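Structure first, then comments.
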Amino acid sequence: MSLLIQNATVITPGIRLDNAAILLQEGKIRRVFPQGDALPQADEHYDAQGLMVFPGFIDMHFHGAMGYETTTDDPKAMDAIGRAKILEGVTDCCPTTLTLSEERLAKSMAYIEEYRKNPTGADIIGTHLEGPYVNPECLGAQNPAYQRNPDSAEIQRLHKVSPVSLITYAIELPGALEFTEDLLHMGILPSCGHTSATTKQFAAGQARGLRRLTHYCNQMTKLHHREIGMVGTGLRQKEVYLEMICDKIHLCPDMIDLIFRTKNLDHILLITDAMEASHLQEGKYQLGGLDVIVKDGAARLASNGALAGSILKMNDALKNVYQVTGLPLEELVRTTSLNQAQELGITDLGRIEAGFRANLAILDQDFQVKQVFLHGKKMIG
């Protein structure tokens, strides 16, 4: 079966094509037709009506949606979460865990694996373990009861339950340098977060292969004129990837603008860090067993007001960055999918061109998601 998307505004890294067409076949993009090219016959047609067509978004860091957490005991959770991510234009994702016991992590990852093998919404690339190896002084909304030092054997056991793609940990913890090497040998991306590391400590991690900072600027050492910390290091080191929660709360508009003006766009990763209240009304929720109040667009711990994830959606993250920076969408779009794919070593996601997966997000001018194609199949309506 073939499907031809017509009247599309194609936005892919480095390219914008108005009134273009895209031929999808057998789950792949077969060809992109600029305006004026003769169009082929197809079994099915879809009129994009001039709307923007992006490569499907990749969210590498989120904790839930629709009242469910990725670490829940409810086997229905991942189905609801996966379907919700589609509504944001996310076609591929890394469900993210929290600082919990190994037993709880293993159980939730078994549910993640069950969904990964038979997805009903967004595809799972692999699990992102945020913690439990975090600095107790930089917990944020992580549960202090389960904080511990890096343990490669624990990761090997969890990796057998379901593939782990990424782990966030504090590089300054005992054993973290050796842990970094172990992760790379297992094919898992190391990422530094919930950290009080100095530039020297991070540099020691870099020497072992560390190249990434989790939710940049949040729960990490701040910029200071005598120690630039992780915030300064992230801006200064060109090869370091930065996750960014662009909800205008975790990062104010001025900081978003500063980062995008300073950092190479090929090392910026938009994420949501969304928790279970995503796609729902404000009110009382929880994150990893901790009470959370969602009010005025922010999710905060009831106990101390610390930010506890977000209710951000990926389409809104892109909208916010576009409005703040004014950069062309064909430049910004790489931060929603291509950078993520390249970091994970995936060669057929993140572009709209022949040979790539037919994973597409169609948005209107207000960045609302109107349709999503996953492996060439319509997912909405």
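The values are calculated or read from the model by the stated rules, or taken from the named source; none is laboratory data. Everything quoted here is computed from the prediction, not taken from an experiment. Glycine also receives a Cβ, built like all others from the backbone with ideal geometry; neighbour counts cover every protein chain displayed. Just the protein is used for accessible areas: all its heavy atoms, side chains included, with ligands, DNA and RNA removed. Shrake-Rupley method; radii C 1.70, N 1.55, O 1.52, S 1.80 Å.
Things to note:
One line per residue, one yes/no per condition, for (1) of a type in the set (A, V, I, L, M); (2) assigned to a strand (DSSP E or B):
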{"site": "Cys217", "(1), (2)": "no, no"}
{"site": "Gly232", "(1), (2)": "no, no"}
{"site": "Glu243", "(1), (2)": "no, yes"}
{"site": "Leu251", "(1), (2)": "yes, no"}
{"site": "Ile256", "(1), (2)": "yes, no"}
{"site": "Leu270", "(1), (2)": "yes, yes"}
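- Residues in the stretch 328-347 that are among the hydroxyl-bearing types (Ser, Thr, Tyr) and crowded, with 24+ Cβ neighbours inside 10 Å: Thr335, Thr336, Ser337.
- Positions within the stretch 353-366 being open to solvent by 10 Å² or more (accessible area, probe 1.4 Å) and either under 17 Å from Asp92 (Cβ atoms) or not aliphatic (A, V, I, L, M) (or both), in sequence order: Glu353, Gly355, Phe356, Arg357, Asp364, Gln365, Asp366
- One residue from Gly350, Gly381 being of a type in the set (Gly, Ala, Ser) and either open to solvent by 30 Å² or more (accessible area, probe 1.4 Å) or farther than 14 Å from Val10 by Cα (or both): Gly381
- Residue, surrounded by the most Cβ atoms within 10 Å (Cβ to Cβ), within the stretch 262-285, restricted to residues that are closer than 19 Å to Asn218 by Cα and charged (D, E, K, R): Asp273
- Qualifying residue in the stretch 190-212 (condition: assigned to a loop (DSSP other than H, G, I, E, B), among the charged types (D, E, K, R) and either over 15 Å from Tyr133 (Cα atoms) or modelled with pLDDT of 95 or more (or both)): yes
- Long-range neighbours under 9 Å by Cβ, at least six apart or interchain, first residue free of Cβ contacts under 8 Å to residues at least 40 places away in the same chain and on the phi > 0 side of the Ramachandran plot within the stretch 272-290, second surrounded by 24 or more Cβ atoms within 10 Å (Cβ to Cβ) and assigned to a loop (DSSP other than H, G, I, E, B): Gly283/Ala277
- Within the stretch 40-53, if we keep just the residues that are open to solvent by 80 Å² or more (accessible area, probe 1.4 Å) and part of a loop (DSSP other than H, G, I, E, B), the residue that is farthest from Leu23 (Cα to Cα) turns out to be Gln49.
- Residue tally, condition within 17 Å of Ala204 (Cα to Cα) and touching a residue at least 24 places away in the same chain (Cβ under 8 Å), over the stretch 218-235: 9
- Some residue of the stretch 103-117 being assigned to a loop (DSSP other than H, G, I, E, B) and crowded, with 17+ Cβ neighbours inside 10 Å: no
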